[in-house]
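The values are calculated or read from the model by the stated rules, or taken from the named source; none is laboratory data. What you see is a predicted model; the values in this text were computed from it and never measured. Neighbour counts run over all protein chains shown; Cβ positions are idealised from the backbone, glycine included. Note: areas computed on protein heavy atoms with side chains; ligands, DNA, RNA excluded. Shrake-Rupley method; radii C 1.70, N 1.55, O 1.52, S 1.80 Å.
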Amino acid sequence: MASLTGKKVLLGITGGIAAYKTPDLVRKLKAKGADVRVVLTASAKEFVSPLALQAVSANPVSTDLLDPAAEAAMGHIELARWADIILIAPASANSIARLSAGLADDLLTTICLASQAELVIAPAMNQQMYNATATQHNLQTLRSRGVRQLGPAAGEQACGEVGPGRMPEPQELADALVLQSDVKALSGVCVMITAGPTQEALDPVRYLTNHSSGKMGYALAQAAAEAGAQVILVSGPVSLNAPDTCELRSVYSAEQMLDAVMQDISKVDIFIGCAAVSDYRPVASEAHKIKKTETDKLTLTLIKNPDILANVAALPAPPFTVGFAAETQKVKQYAQHKLAAKKLNMIAANDVSEKGIGFNSDSNALSVFWQKGETSLPVTDKLNLARQLVQLVAVKYKENKEK
Ligand code: C5P
């Protein structure tokens, strides 16, 4: 597993109760090999002692923008240049709003504006504050600028409420930062992704299809390209623009999708089957439009489509193969069964019975399973989720290759 060896991590701590966990977070980051410097906001000092953070980080802790002594030692511009990664944990609703507005009225926000380092935030706050339209809008703005978001986890909160808003545990944050820090994790790797629905023609003007928007597959294509991969996107009909850096193969039917996949599969290292492929197609597409008749019933005969994912996994030298599973119940059980039955390396499952996530929505949450483990990626927008999944796939792909 990759580490943070040699990485300079600037930990920004803002005012929230989760700040009490940050001395442990510093220790976990240092255990991964990071050099850690801490910047505290004024309100963070109310929750955690600068002295404790200085002791565990073995570096001076910075708190003030306008402190002549601190500026003479390592000023805000030097700190901004020093950092490879800026991790803000916990990131309060207030600090998220200030970052999104581009304010520079304290040391931490000034450093963020002045730095080219990767910015990672771990929001932590009351669940109502997290779900507030303003906070969600600010987070969306930050993510669209390339800021990475870790968490929040859901559960019981310090205020007694239950919901999303908890800072992930220090060990989880440190592990996630390792994944995030490997920005070109797929450099030199060819990734093929299927996306969108398929259309199965009934006649020249009608077809069978489903509600897949293609958003998750396209987000994965973008995330894989950002991670340095050569990306081949085999897409059913959708109204999305493919990222410029991807090679797009547009198809309609499942059979066309299988052909397009098999055409290039020999050069593919990682295959991600994200398309909602129609399980069945009409036995034959009529040459002419099916005419309305006097009888009330029309019987269509369907035949099973090839399972593209299973075909890829069954190749003599298959790529690292990742499937998706949309389930409405027993998500873990069905996903693990599919992982084994289709001989996949990994499967990402979502519960499409949950409102507001999955099919045709902008957000999603995934439970990911592989042979010897599992993890869950909490609900967030599809691009953010895709970036996390791609980093996980990259790690498991490399582990698999080294076997
Ligand atoms: O078995 P089920 O359809 O639930 O499996 C879903 C997974 O299999 C998805 O990754 C989907 O892209 C893939 N699949 C496929 N070809 C099919 C049906 C599903 O590649 N004909």
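Numbers below:
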{"quantity": "Elements of type strands (runs of 3 or more DSSP E) contained in region 95-204, each with 2 or more residues being free of Cβ contacts under 8 Å to residues at least 40 places away in the same chain", "calculated": "118-123, 153-156, 162-166"}
{"quantity": "Identity of the residue in region 231-247, open to solvent by less than 80 Å² (accessible area, probe 1.4 Å) and more than 16 Å from the ligand (Cβ to nearest atom), that ends up farthest from the chain's Cα centre (by Cα)", "calculated": "GLU247"}
{"quantity": "Residue count, region 369-383 (criterion: under 9 Å from the mean Cα position of the chain (by Cα) and under 15 Å from ALA325 (Cβ atoms))", "calculated": "1"}
{"quantity": "Pair list, Cβ under 9 Å, 6 or more apart: region 294-306 residue outside any loop (DSSP other than H, G, I, E, B) and modelled with pLDDT of 95 or more, other residue open to solvent by 100 Å² or more (accessible area, probe 1.4 Å) and of a type in the set (Ser, Thr, Tyr)", "calculated": "LEU302/TYR280; ILE303/TYR280; LYS304/TYR280"}
{"quantity": "Subset of region 261-290 (residues that are hydroxyl-bearing (Ser, Thr, Tyr), within 12 Å of the ligand (Cβ to nearest atom) and over 27 Å from the mean Cα position of the chain (by Cα))", "calculated": "TYR280"}
{"quantity": "Residues that are open to solvent by 60 Å² or more (accessible area, probe 1.4 Å), of a type in the set (D, E, K, R) and touching a residue at least 24 places away in the same chain (Cβ under 8 Å), drawn from region 36-56", "calculated": "GLU46"}
{"quantity": "Failed item in (1) touching a residue at least 40 places away in the same chain (Cβ under 8 Å); (2) surrounded by 18 or more Cβ atoms within 10 Å (Cβ to Cβ); (3) within 26 Å of VAL395 (Cβ to Cβ), with TYR218 passing the rest", "calculated": "(1)"}
{"quantity": "Region 249-260 - residue that is within 17 Å of GLY214 (Cβ to Cβ) and buried (at least 16 other Cβ atoms within 10 Å of the Cβ) and, of those, nearest to the ligand (Cβ to nearest atom)", "calculated": "ALA254"}
{"quantity": "Verdict on ALA310 being of a type in the set (A, V, I, L, M), surrounded by 14 or more Cβ atoms within 10 Å (Cβ to Cβ) and either within 13 Å of the ligand (Cβ to nearest atom) or not in a helix (DSSP H, G or I) (or both)", "calculated": "yes"}
{"quantity": "Filter result for the condition that a residue is modelled with pLDDT of 90 or more, within 16 Å of the ligand (Cβ to nearest atom), under 29 Å from CYS190 (Cβ atoms) and in contact with a Ser or Thr (Cβ under 6 Å, 6 or more places away or on another chain), over LEU344, LEU315", "calculated": "LEU344"}
